[in-house]
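Just below is one structure, and these are the notes that go with it.
The values are calculated or read from the model by the stated rules, or taken from the named source; none is laboratory data. Values in this document were obtained by computation on a predicted structure and should not be read as measured data. Note that we place each Cβ from the backbone using ideal geometry, even for glycine, and neighbour counts take in every protein chain shown.
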Amino acid sequence: MNFPKLMDLQKLRIDVESENENSLLICDQGEDFILTDDLEELCYIRYHFAPPTENWIKNRMVWTQKSMQYKEKWESIFAKTACLIDWNMLIPLNNIIIMYNAANEEEQDDVCKLLDIEPYEFPSFDGDLLGLKWSFYGNIIINLSSHIDVAKTTILRDEEFEKELKFALLTTLIHELRHLGLESNPFLPKEDYPDSEKSESRVEEWCVATYESICDKI
Ligand SMILES: [Zn+2]
């Protein structure tokens, strides 16, 4: 599968800066990022101005006390997968939050402490959800327990269980990154990313096609 080429990140930086106090406010910036309060999208967007690397993605991952036991097994696989998709989708990525049970209040509090935000800001989360885009902060959430439960109830043999779990987790990661990448970057070129791509069905189609084209490399 061919992805559109990576946006000109130097130009993007200039475009973001020139919108300061117009459509957005710059809250923070560093060598390779600018954090904005976007006044039109009504959310914070953290633009990353360097091609993504697996290490950078690992540094954007947040693990809770309850999900930590899965870190060793999944951290590299998640980072590798994210790095193999359309890099433009990663420009506005803030955090990939890996939770064991995202509907559990204690674990939600754990996340809020780690991110230094108030617990009431955590998005409402139905325990059955596989993942969620937390647009306000440019985060995505992966809900491990729902995947493990689904894989357990549908698959009997161990080998198939692992395969099914990998498919479920990685397609959720790709799916939520796609939503975030399309919806949290007002500078994304419309010719490559028309609004029609944002629909749930198109996001899922893109996600499955992307997974199929990269799964041999993971
Ligand atoms: Zn979706």
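For region 53-87, enumerate the residues that are among the polar types (S, T, N, Q), in a helix (DSSP H, G or I) and more than 12 Å from the chain's Cα centre (by Cα). Passing the criteria: Asn55, Asn59, Gln69, Ser76.
Just one of the listed residues (Ile214, Ile218, Ile174) is modelled with pLDDT of 95 or more, closer than 27 Å to Leu9 by Cβ, away from the ligand (no atom under 14 Å from the Cβ) and surrounded by 13 or more Cβ atoms within 10 Å (Cβ to Cβ), namely Ile214.
For region 187-211, the tally of residues that are of a type in the set (S, T, N, Q), within 12 Å of the ligand (Cβ to nearest atom) and either part of a loop (DSSP other than H, G, I, E, B) or under 28 Å from Val16 (Cα atoms) (or both) stands at 1.
Using the structure shown, decide if His179 is surrounded by fewer than 21 Cβ atoms within 10 Å (Cβ to Cβ), within 12 Å of the ligand (Cβ to nearest atom) and not hydroxyl-bearing (Ser, Thr, Tyr). It is true that His179 is surrounded by fewer than 21 Cβ atoms within 10 Å (Cβ to Cβ), within 12 Å of the ligand (Cβ to nearest atom) and not hydroxyl-bearing (Ser, Thr, Tyr). When you look at Ile26, is it assigned to a strand (DSSP E or B), at pLDDT 95 or above and more than 30 Å from Asp216 (Cα to Cα), yes or no? Criteria met by Ile26. Is region 82-95 home to any residue that is within 16 Å of the ligand (Cβ to nearest atom), more than 26 Å from Cys43 (Cα to Cα) and not polar (S, T, N, Q)? Scanning region 82-95, I find no residue that is within 16 Å of the ligand (Cβ to nearest atom), more than 26 Å from Cys43 (Cα to Cα) and not polar (S, T, N, Q), so the answer is no. Residues of region 114-149 that are within 16 Å of the ligand (Cβ to nearest atom), outside any loop (DSSP other than H, G, I, E, B) and out of contact with any Pro (no Cβ under 7 Å at 6 or more places or on another chain): Gly131, Lys133, Ser135, Asn139, Ile140, Ile141, Ile142, Asn143, Ser146, His147.
What's the total number of residues in region 48-69 that are surrounded by fewer than 17 Cβ atoms within 10 Å (Cβ to Cβ) and over 30 Å from Glu17 (Cβ atoms)? Of the residues in that region, 3 qualify.
Look at region 1-27: where a residue is under 18 Å from Leu90 (Cα atoms) and a partner is surrounded by 14 or more Cβ atoms within 10 Å (Cβ to Cβ) and among the small types (Gly, Ala, Ser), sitting 6+ places away or on another chain with Cβ atoms under 8 Å, you get Met1/Ser213.
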